[in-house]
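Participant: Can you read through this structure? Questions will come right after.
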Amino acid sequence: MNKKIEIDGIDKTILRALMKDARTPVLEIARGVGISGAAIHQRLRKLENSGLIAGSKFVLNPKVLGFTTMAFVGVFLEKAKNNSDAVKQLKKIPEVLECHYTTGNWSVLIKILCKDNEHLMSVLNKEIQPISGVSRTETFISLDQQIDRQIKI
């Protein structure tokens with residue numbers, strides 16, 4: 001879905017409120033905007049059907065669960081044709097949170113979350129590097145995430 005949709009000021013107000021806190025009651029948003037709750041629901045349905053709203057979710061704090069090491073790993077593949085097979089194998093590794101097909105030196109860039117550096121080393125050595133077609137990896141450990149936001153509406 002790459003078609004562009006037009007949103008008005010009311011849509012933007014609704015989206016901003018829900019992006020700030022997806023649990024904001026519809027009636028609270030309706031009172032702030034000055035329209036009915038039913039109208040808010042209709043607009044939300046329209047935005048969902050357009051593909052602009054891709055869902056809502058709770059965001060867990062991984063540190064509370066003991067996951068303290070975030071790393072970005074550039075994966076070099078022997079051949080570009082190995083990409084889909086490698087991605088299938090990466091999907092099986094629960095520590096892999098994201099996988100991006102990229103330009104530049106790496107074939108793919110992955111974001112992984114581990115309990116500590118020892119766990120990271122184990123995931124790299126025992127799960128990622130043995131994948132057929134992976135020639136080598138380049139790892140960058142994130143010391144601190146300083147920006148975390150969505151696109152501005």
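The values are calculated or read from the model by the stated rules, or taken from the named source; none is laboratory data. Bear in mind that the values here come from a model prediction, so they are computed numbers and not experimental data. FYI the Cβ positions are ideal-geometry reconstructions off the backbone, even for glycines, and counts take in every protein chain you see.
Participant: What number of residues within the stretch 130-153 are within 16 Å of N61 (Cα to Cα) and of a type in the set (V, I, T)?
Facilitator: Residues meeting the conditions: 1.
Participant: Let me ask another. Since S36 meets every condition but one in (1) modelled with pLDDT under 95; (2) touching a helix residue (DSSP H, G or I) at 6+ places or on another chain (Cβ under 7 Å), which condition does it not meet?
Facilitator: Evaluating S36 over (1) modelled with pLDDT under 95; (2) touching a helix residue (DSSP H, G or I) at 6+ places or on another chain (Cβ under 7 Å) leaves (1) as the failure.
Participant: So which pairs qualify, if the first residue must be in the stretch 89-114 and among the polar types (S, T, N, Q), the second must be in a loop (DSSP other than H, G, I, E, B), the Cβ gap must be under 8 Å, and the two must be at least 6 apart or on different chains?
Facilitator: Pairs found: Q89/I131; Q89/S132.
Participant: What's the number of the only condition in (1) in a helix (DSSP H, G or I); (2) surrounded by fewer than 17 Cβ atoms within 10 Å (Cβ to Cβ) that L124 fails to meet?
Facilitator: Only one criterion in (1) in a helix (DSSP H, G or I); (2) surrounded by fewer than 17 Cβ atoms within 10 Å (Cβ to Cβ) is unmet by L124, namely (2).
Participant: Follow-up. Confirm whether I110 is touching a Gly at 6+ places or on another chain (Cβ under 9 Å), of a type in the set (A, V, I, L, M, F, W, C) and not in a loop (DSSP other than H, G, I, E, B).
Facilitator: Details: touching a Gly at 6+ places or on another chain (Cβ under 9 Å): yes; of a type in the set (A, V, I, L, M, F, W, C): yes; not in a loop (DSSP other than H, G, I, E, B): yes.
For I110, the condition - touching a Gly at 6+ places or on another chain (Cβ under 9 Å), of a type in the set (A, V, I, L, M, F, W, C) and not in a loop (DSSP other than H, G, I, E, B) - is met.
Participant: Among the residues of the stretch 78-105 satisfying the criterion of being at pLDDT 95 or above and among the hydrophobic types (A, V, I, L, M, F, W, C), which is nearest to S132 (Cα to Cα)?
Facilitator: Per the stated criteria, the residue is A86.
Participant: Evaluate the following for I35: is it in a loop (DSSP other than H, G, I, E, B) and over 25 Å from the mean Cα position of the chain (by Cα)?
Facilitator: For I35, the condition - in a loop (DSSP other than H, G, I, E, B) and over 25 Å from the mean Cα position of the chain (by Cα) - is met.
Participant: Here are some residues: I7, I40. Which one is surrounded by 15 or more Cβ atoms within 10 Å (Cβ to Cβ) and outside any helix (DSSP H, G or I)?
Facilitator: Unique residue meeting the criteria: I7.
Participant: So which residues in the stretch 8-39 are touching a Ser or Thr at 6+ places or on another chain (Cβ under 9 Å) and β-branched (V, I, T), if there are any at all?
Facilitator: Across the stretch 8-39, the qualifying residues are I29, V33.
Participant: The conditions are (1) free of Cβ contacts under 8 Å to residues at least 12 places away in the same chain; (2) of a type in the set (A, V, I, L, M); (3) in contact with a His (Cβ under 8 Å, 6 or more places away or on another chain), and L65 fails exactly one of them. Which is it?
Facilitator: Just one mismatch for L65, condition (3).
Participant: Related question: Report whether or not D21 is more than 25 Å from the chain's Cα centre (by Cα) and exposed (fewer than 12 other Cβ atoms within 10 Å of the Cβ).
Facilitator: No: the conditions fail for D21.
Participant: Another question, then. Just checking, which of K46, K63 is part of a helix (DSSP H, G or I) and under 30 Å from E138 (Cβ atoms)? Walk me through it before giving the result.
Facilitator: Details: K46 fails: under 30 Å from E138 (Cβ atoms).
Unique residue meeting the criteria: K63.
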